[in-house]
1. Within region 89-120, can you find the residues that are more than 16 Å from the chain's Cα centre (by Cα), buried (at least 17 other Cβ atoms within 10 Å of the Cβ) and under 17 Å from Val44 (Cα atoms)?
2. Given the conditions (1) polar (S, T, N, Q); (2) part of a loop (DSSP other than H, G, I, E, B); (3) over 24 Å from Ala231 (Cα atoms), report the number of the one that Gln11 does not fulfil.
3. Would you confirm, using the coordinates I've provided, whether Leu130 is of a type in the set (A, V, I, L, M, F, W, C) and modelled with pLDDT of 95 or more?
4. Starting from region 178-200, keep only residues that are β-branched (Val, Ile, Thr), then list their pairs with residues that are in a helix (DSSP H, G or I) and surrounded by 24 or more Cβ atoms within 10 Å (Cβ to Cβ) whose Cβ atoms are within a distance under 6 Å, requiring at least 6 positions of separation or different chains.
5. Kindly provide the set of residues from region 108-153 that are outside any helix (DSSP H, G or I), touching a strand residue (DSSP E or B) at 6+ places or on another chain (Cβ under 9 Å) and either of a type in the set (A, V, I, L, M, F, W, C) or closer than 28 Å to Ala246 by Cβ (or both), ordered by number.
6. So in region 9-38, with the set limited to residues that are of a type in the set (Val, Ile, Thr) and closer than 17 Å to Pro255 by Cβ, which one is nearest to the chain's Cα centre (by Cα)?
7. Could you list, in sequence order, all residues of region 29-59 that are touching a Lys or Arg at 6+ places or on another chain (Cβ under 9 Å) and more than 22 Å from Arg86 (Cα to Cα)?
8. Before we move on, is Val142 closer than 28 Å to Met233 by Cβ and in contact with a Phe, Trp or Tyr (Cβ under 8 Å, 6 or more places away or on another chain)?
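The values are calculated or read from the model by the stated rules, or taken from the named source; none is laboratory data. The structure displayed is predicted, hence computed values, not measured ones. Heads up, the Cβs are rebuilt from the backbone with ideal geometry, glycines too, and the neighbour counts pull from every protein chain shown.
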Amino acid sequence: MEWTERDVPEQRGRVAVVTGANTGLGFETARVLAERGASVVLAVRDTEKGKQAAARMIGDVTVQALDLTSLDSVRAAAAALRDRHRRIDLLINNAGVMYTPKQTTRDGFELQFGTNHLGHFALTGLLLDLLLPVPGSRVVTVSSTGHRIRAAIHFDDLQWERSYSRVGAYGQSKLANLMFTYELQRRLAAHGSTVAVAAHPGMSNTELARNTPAIVRTPLTWLAPAITQKAPMGALPTLRAATDPAVLGGQYYGPGGRTEVKGHPRLVTSSPQSYDAATQHRLWTTSEELTGIKFPI
């Protein structure tokens, strides 16, 4: 049976924080959660765009400034959310950048690794104690099939200072998203009912692909109708990971079609290296050192 947004259960009384929710996959994820009754926080870098997005949604939707390229902004956003909410049921780490030219965050991290992984790692650590007491709470982190492409955790050069590959840096960040999820779930297992789950959208037609090199982007433009899906479909794996009562901690959801490019969401598997527990643990320790954030577990 195909899982659709109609299968999202009632969310009334729940609080959901969705990063990067002013457009694309994040917008669609937040829209459905709000329509199902959740109090949804759009955690976005551009608050004006966030307010415009909120105005297009039905339900209880607020906007919180969050710039994942700045640990100061992450701390400020977490403090504001803690002031406003006694609990969080869903933290959806959706925001991301892809294939960017070589740049660094305000803290000096390679932009893709700093935004996609370290920013979300820090945010989760700062908010986790608001989720731990909440029955059925979940941390959902959005990865990508890109975690399989030229991907490794380059502990000898995490910030790509010696050389730079747009594709390799993106692959590292998305592999890190999965390793973070699996290590987080291992640590959560002894702490109540909070679980960590991952998802990926397949190939979705969103603004995320704007930095794709022209040599790749040009043929994709012609092929897009056949090999990509629109944002509402791309958001379904995240929504299933966040709301399906049958979901278990440490699982990974993606499109059910051939090669996971498109289709209705189902349980999928990630690359063999993503399950390496020693690398997961090392990445966790390194991430704590880089961000200065210690988790309450």
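1. If the condition is that a residue be more than 16 Å from the chain's Cα centre (by Cα), buried (at least 17 other Cβ atoms within 10 Å of the Cβ) and under 17 Å from Val44 (Cα atoms), then Thr105 is the only one that fits.
2. Gln11 satisfies all of (1) polar (S, T, N, Q); (2) part of a loop (DSSP other than H, G, I, E, B); (3) over 24 Å from Ala231 (Cα atoms) except (3).
3. Yes: the conditions hold for Leu130.
4. Thr194/Leu131; Val197/Ala241
5. Selection gives Val134, Gly136, Ser137, Arg138, Val139, Val140, Thr141, Val142, Ser143.
6. Thr29
7. Once the filter is applied, which keeps residues that are touching a Lys or Arg at 6+ places or on another chain (Cβ under 9 Å) and more than 22 Å from Arg86 (Cα to Cα), region 29-59 yields Arg31, Ala53, Arg56, Met57, Ile58.
8. no
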